[in-house]
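None of the figures in this text is laboratory data; all of them are computed from the coordinates on show. The model shown is predicted, which means the values in this text are computed figures rather than measured ones. Note: ideal-geometry Cβ built from the backbone for every residue, glycine included; neighbour counts use all protein chains shown.
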Amino acid sequence: MRLAVFGDAHAHAEALDAVLAAADHAGVDALWSLGDMIGGGPDPAYVVRATRERCRVTLMGNHDYAATGSVEPSRLGDAAASLELARATLSEDDLAWMRSRRPAARREGVQCWHGGPRNPVWEFVGPSNAHACLAVQKADLGLAAHTHVAAAFTPDRRRVKVRVGEPLDVSGGKWLLNPGAVGAPVPPRRGWFGALDVDAADGAFWLELDLHTHTATWRRAPYDPRPARERARALGLDDA
């Protein structure tokens, strides 16, 4: 099975569409979303519905919980206005579907979290805690999003360099992979939409995961960030 794994679409329609089109072109067998469908961008209803229609696995992220009422939008700082927009525009049917999702799953022998193995909603997995996360990960392969940073970690405290377009052999030992963000800026750039203007030229991140050959290939799907920024500005969401 070949999968397209992605996360952190954050209510950006064009970025998500670019990833879906790239995954279709690649001929993957299934799409998995690691959560944060909303928060930050102007298109919450579109992104939730597209994810619902296309993805075989969909996790709930911390921003997604804010739309369902499980987390107060104010807890998420600058994203509060976009989360209030999501609450106002998502249909009751979509909200009910979101409430049925979970922040963790295990499919095809792969463990998935929005955050990380020790806290599937809020944990940020990075070089400083990846070893501890891998220690509690039961499967050989784990997937997490939330940080917006494409990454690959192994138990020997190595952070393996991610090279877009170059397959990484994940057949030996434990691995914890982050596909990178679809519709959110890549840290440490400041701002949201200004940073997306830079990132969009390189493209939204997604991960092509081949469970037969045990290879992971990070990919990027370029898109035009201007339409989303214009919609965000009209809604009062543009951080400029």
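Proximity of backbone amide H atoms, modeled 1.01 Å from N, is registered between Ala204 and Ala221, Tyr223 at under 5 Å, excluding neighbours fewer than 5 places apart on the same chain.
The DSSP beta bridges internal to the chain are antiparallel in roughly 60% of cases. Taking packing as the residue-averaged number of other Cβ atoms within 10 angstrom, the listed peptides 228-236, 65-73, 24-32 run from highest to lowest as 65-73, 228-236, 24-32. When the chain is treated as a GNM with alpha-carbon contacts under 10 Å, the residue of Met37, Met60, Met98 showing the greatest mean-square fluctuation is Met98. Within the chain, the ratio Rg/Rh, alpha carbon atoms throughout and Rh by Kirkwood, equals 0.94. Positive-end ranking of Ala13, Ala135, His25 along the dipole of region 6-234, with charges on Cβ about the Cα centre, is headed by Ala135. Anyone know which of Pro188, Pro225, Pro155 comes out most mobile in the 10 Å Cα GNM of the chain? So, out of Pro188, Pro225, Pro155, the one fluctuating most is Pro188.
Loop-resident trypsin sites (Lys or Arg not before Pro) (DSSP state other than H, G, I, E or B) in region 189-223 with no more than 15 further Cβ atoms inside 10 Å of their Cβ: Arg189, Arg190. Along the axis of the charge dipole computed for region 1-116 (Cβ charges of +1 for Lys and Arg, -1 for Asp and Glu, origin at the Cα centre), the listed residues Ile38, Trp113, Leu90 are led at the positive end by Trp113. Looking at region 52-93, none of the trypsin sites (Lys or Arg not before Pro) sits in a DSSP loop with at most 10 other Cβ atoms within 10 Å of its own Cβ.
So which GluC sites (Glu not before Pro) in region 73-157 pass both tests, a DSSP loop state and at most 16 other Cβ atoms within 10 Å of the Cβ?
Qualifying residues, ordered by number: Glu108.
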